[in-house]
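Worksheet: one structure, shown below.
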Amino acid sequence: MADLEAFKEEVRAVLAERLPEELRKGNRSDLPHDLLGKWIVEMGDRGWITPDWPTEYGGGGLDREHTAALKAELKKAKAPIVSSFGVSMLGPTLLEYGTEEQKKEFLPQISKNTVRWCQGFSEPGSGSDLASLQCRAEKEGDEYVITGQKIWTTGADRADWIFCLVRTDFDAPKHEGISFILFPMHQEGVKVAPLTLIDGSAHFSQVFFDGARAKVSNVVGPLNGGWTVAKRLLQHERSTDGSSDGGIGGAAKESITDFVKRQVGLENGELADPTIRERLAAHEIDKRALSLTMRRAVEEARAGQRARDIGSLGKFRWANMVKNEQDIAVDSSGSQGLGWEGPGYEDAQIERTKKWLITRADSIWGGTNEIQKNVIAKRVLGIPE
Amino acid sequence: MAVILSEEQLMLRESAQTFLADQSPVTRMRELRDAFDDTGYTPEIWKQMADLGWLGILLSEDHGGSDMGVADLGVVLWECGKVLAPEPLVSALLLGANAVRLSGNQTLQKDLLPAVAEGDRIVALALEETARFHPYNVATTFSGGAISGTKIHVLDGHVADQIVVVARTAGNAGDREGLALYLVDADAKGVSITRNRRMDGRNAATVEFDGVEVGADRLLGDADLLDQVIDQATVGLASEMLGTAEEAFERTLQYLKDREQFGEKIGTFQALRHRAAEMFSELEFARSIVRDALSALDEGRADAAVCVSAAKAQASKASRLIGAEAVQMHGGTGMTDEEEIGLFFKRLKAAELSLGDETYHQRRFATLQGY
């Protein structure tokens, strides 16, 4: 492994030469499409989309230190964040549970970002009680035939494949009859209907399966052992939280501090509304504490010091934090925080209002705050039920 | 930037835990409170703390110390907070002696600090004059070589051998400019000390200075020194209070697991489970941010003051929640003097309101961040 300092130098040199100025904006959704596409190809070729995966599966083959150094350099350069369900959730799950054939088929595509994945977990009748899911898979030769409905499927309209929880044993107790299966979205028997949300956006879909087909060899982990695989995958989902600003829709164009300063104004160097000022400070302190706690979780685990799993706090505290930021933003705008579209409202005000609406989802998806606290009480604090 | 403990700090923590478990159960604090003797702490324990090297952690080897950092002292304070040790660690070390240590006055350092490390000298800081904390609200004057004014909430002022006094050579109360710190003997002519008995069993004092003559050789520094002293003491206090909060939380958690009502453990009730998760998250947030502030001070980071205020704000928030919930979850038992949880509750409140509460530090954080 290359010397760490030399490696950082190398990364900086590549970034200086190859990363266009227009893309140096961090976690934003309005980057120029062509440039971003080219950059993602380049990232994939270098193994930088999945730096810690083995090179044989298209990863960068880097150890933890070098991976952390790479991520730090990318962040410093404000490089766009290439994240996907494949990178953050399915990939780590396949590395742990996948067969060699599954790894060889699917991991390189994820590492190059050439195949888009979506997650088929929630159903209309199975939200927090996910294990009650009813979507059926019945064996027919070397295929499963799938019937049922999924909801809250992010990016289903653009996805090529889905990783999906289906019921494969209809008589077993609810946790023991579920399998984790992969199949293509582009086929007869799969229909996607966009779901318009509270902020007017349609990032989520409902997906209907009526005789969709999946290869038997694409069950990940043991047959009827999908609940364990899914729980592990959700840990990957939760461990990705706590790092990104802005919540579900990404960071706003303008920092919360700059936004509030413009909305409220300064008098003698202080925000003119003392209550908003204190709330903003409290929010910024909370954000620091969250990020330091997530860093501590990693460092303590590495040093073998961790007593209780503090990573478990990340999801619900992160959700509260991103929601609170938008509460402050909208409150600081007063009636200007009520706009839906122009004229009469600044773009930045409308952006914040929409974010205020959509971030309500952050304490619901991926396990509601209530579910997170149940998990902490039971598993982390060990309070018997 | 260290958010986890080093190997040395883990060892220091273990030795502190062993010593305190052996020598300092919470009952000791209660006995001292009830006895209300002259000191309010145990001089023999103070001496043992000196022997363990705790009193010299911040002092240089020349002054009988071990030249370690605020983060190391923070480890010790955390453990002392867990058992409600009443010794004047924050008051005498981080407020009083620290003003001498951080000053440029080498004569006074040489005269005083070795005795501090030995546990033979208690130095208090006389700063506050208004009930709501603000370090520049000083009207006490230094003029014509004499100090006059009245100080309140002088922590452990009743046992001080010497007192660092913050006085004003120019300007008005509230101004940062014109402040000066002097070292005064507690038995100097014109000094009168009235002990104040606090609800948490600790002691403060009201100290009057009536034309107390002070030589120029007793000058320690100005507002820069004061800021430095207050920042270090604030994070030290935050460490101690989080030790207290941690223990209050652990005891409450155990109570949820033990106490039965309606034929079930009360910890099975979701209303309590969720609140326990909240308490845990506030505590862990506070632990992270206080460790960061400790290391910011030791590393002399440019944004150390920001880190300090963030830390005390979060520590106060966590303590407030945990203290209140600890009593509430203990139910009627928590209201009795006999049950120790009440001692933790009172200590937490005292720490919360000392050296600036959550709101004070939120405002200071905002000011430092330019809004």
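The values are calculated or read from the model by the stated rules, or taken from the named source; none is laboratory data. This structure is a prediction, so every number in the text was calculated from the model and none was measured. Note that we place each Cβ from the backbone using ideal geometry, even for glycine, and neighbour counts take in every protein chain shown. Accessible surface areas use protein heavy atoms only, side chains included; no ligands, DNA or RNA. Shrake-Rupley method; radii C 1.70, N 1.55, O 1.52, S 1.80 Å.
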What residues in region B:275-292 lose 40 Å² or more of accessible surface when the other protein chains are added to their chain alone (1.4 Å probe)? B:ALA277, B:GLU278, B:PHE280, B:SER281, B:GLU284, B:PHE285, B:SER288, B:ILE289
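Report the charge-dipole magnitude of region A:32-158 in Debye, nearest 20, computed about the Cα centre from +1 at each Lys and Arg Cβ and -1 at each Asp and Glu Cβ.
It works out to roughly 620 debye.
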Suppose only helical runs count, i.e. DSSP H with n ≥ 4. What mean residue ellipticity at 222 nm does that imply for chain A under -39500 (n - 2.57) per run, divided by all residues and rounded to the nearest 500 deg cm²/dmol? -12500 deg cm²/dmol
Could you work out the pair-distance distribution P(r) of region B:224-368 from its alpha-carbon pairs, with 10 angstrom bin width and percents rounded to whole numbers? 12, 40, 27, 14, 5, 1, 0
With Cα springs under 10 Å, the Gaussian network model of chain B assigns the largest mean-square fluctuation among B:ASP22, B:ASP175, B:ASP67 to B:ASP22
Can you tell me the relative contact order of chain A? Whole percent, Cα pairs under 8 Å, sequence separation 6 or more. 12
In deg cm²/dmol, rounded to the nearest 500, the helical mean residue ellipticity at 222 nm of chain B, built from -39500 (n - 2.57) for every DSSP H run of length 4 or more, is -17000 deg cm²/dmol
Among the aspartates and glutamates, which fall within straight-line cross-link reach of B:LYS257, defined as a Cα-Cα distance under 13 Å, with same-chain neighbours fewer than 8 residues apart omitted? A:GLU385
A 1.4 Å probe over the protein heavy atoms gives chain A a carbon and sulfur accessible-area percentage of 50
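For region A:241-380, what is the Kirkwood hydrodynamic radius in Å, using each pair of distinct C-alpha atoms?
16.3
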Determine the shape class of region A:117-224: with a ≥ b ≥ c the square roots of the Cα gyration tensor eigenvalues, call it rounded for a/c under 1.5, and otherwise prolate if a/b is greater than b/c, oblate otherwise. oblate
Expressed in angstrom and rounded, the centroid-to-centroid distance over alpha carbons for region A:120-153 and region B:131-203 is 71
For chain A, report the convex hull volume of the alpha-carbon atoms normalised per residue, in Å³, without decimals. 171
Which whole DSSP H helices in chain B pass both tests: a Cα extent of 30 Å or more along the axis and a mean Kyte-Doolittle value no lower than -1.0? B:223-258, B:270-299, B:304-334
Please label the shape of region B:7-118 as rounded, prolate or oblate, based on the square roots a ≥ b ≥ c of the eigenvalues of the alpha-carbon gyration tensor (a/c under 1.5 means rounded; beyond that, a/b larger than b/c means prolate, else oblate). oblate
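For peptide A:370-377, what's the mean number of Cβ atoms from other chains within 10 Å of each residue's Cβ?
Mean shielding by partner chains, rounded to a whole number: 5.
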Using +1 at the C-beta of Lys and Arg and -1 at the C-beta of Asp and Glu, which of B:LEU297, B:GLY332, B:GLY171 has the Cα lying farthest in the positive direction of the dipole of chain B? B:GLY332
Amide H contacts under 5 Å for A:ILE162, placed H, 5+ residues apart: A:CYS118, A:PHE183, A:MET185
Please state the shape class of region B:123-222: rounded when a/c is under 1.5, otherwise prolate if a/b exceeds b/c and oblate if not, all from the C-alpha gyration tensor. oblate
Length-normalised contact order for region B:123-222 - Cα pairs under 8 Å, 6+ apart - percent: 31
Within the set A:LYS25/A:LYS112; A:LYS71/A:LYS191; A:LYS71/A:LYS104, which residue pairs have Cα atoms separated by over 30 Å? A:LYS71/A:LYS191
A 1.4 Å probe over the protein heavy atoms gives region B:78-189 a carbon and sulfur accessible-area percentage of 47
Just tell me how shielded B:309-315 is by partners: mean number of partner chain Cβ atoms within 10 Å of each residue's Cβ, no decimals. 4
Per the 1/(1 + (r/R0)^6) rule, R0 = 25 Å and r from the Cβ atoms of A:ALA72 and A:LEU95, FRET efficiency to 0.05 is 0.65
Protein heavy-atom accessible area occluded, B/A pair - total, 1.4 Å probe, Å²: 3800
Roughly what angle does helix A:100-111 make with the longest principal axis of chain A, taking Cα atoms, 0 to 90 degrees, to the nearest 10? 20
Please find, in a Gaussian network model of chain A (springs between Cα atoms separated by less than 10 Å), the residue of A:LYS215, A:LYS315, A:LYS231 whose mean-square fluctuation is greatest. A:LYS231
Hey, what angle do you get for helix A:64-76 against the long axis of chain A, alpha-carbon based, 0 to 90 degrees rounded to 10? 40
Keeping every protein chain present and rolling a 1.4 Å probe, give me the accessible area per residue for region A:62-135 in Å². 45
Answer with one residue from B:LEU102, B:VAL154, B:PRO43: the one whose Cα lies farthest towards the positive end of the charge dipole of chain B, charges on Cβ with Lys, Arg +1 and Asp, Glu -1. B:VAL154
The protein assembly as shown, Rg to Rh (Cα coordinates; Rh as Kirkwood inverse mean 1/r): 1.03
Sequence gap at least 6, Cα distance under 8 Å: using those rules, report the relative contact order of chain B to the nearest whole percent. 16
Cα long-axis angle, helix A:347-358 against chain A (0 to 90 degrees, to the nearest 10): 40
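Step by step: find N for chain B, compute 2.2 N^0.38 Å, then divide the Cα radius of gyration by it. What's the final number?
0.98
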In region A:254-294, what residues drop by 40 Å² or more of accessible area when the other protein chains are put back, versus the chain on its own? Use 1.4 Å, and skip ligands and nucleic acids. A:ARG277, A:GLU278, A:ALA281, A:ILE285, A:ARG288, A:ALA289, A:LEU292
About the Cα centre, charge dipole magnitude for the protein assembly as shown (Lys/Arg +1, Asp/Glu -1 at Cβ), debye: 1840
Can you work out the accessible area per residue across region B:7-118, with the rest of the protein chains kept in place, probe 1.4 Å, in square angstrom? 40
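Per residue, how much accessible area does region B:123-222 have with a 1.4 Å probe, in Å²?
Here the residues of region B:123-222 average 42 Å² of exposed surface.
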Nearest 20 debye, what's the magnitude of the dipole of region B:278-371 about its Cα centre given +1 on Lys and Arg Cβ and -1 on Asp and Glu Cβ? 400
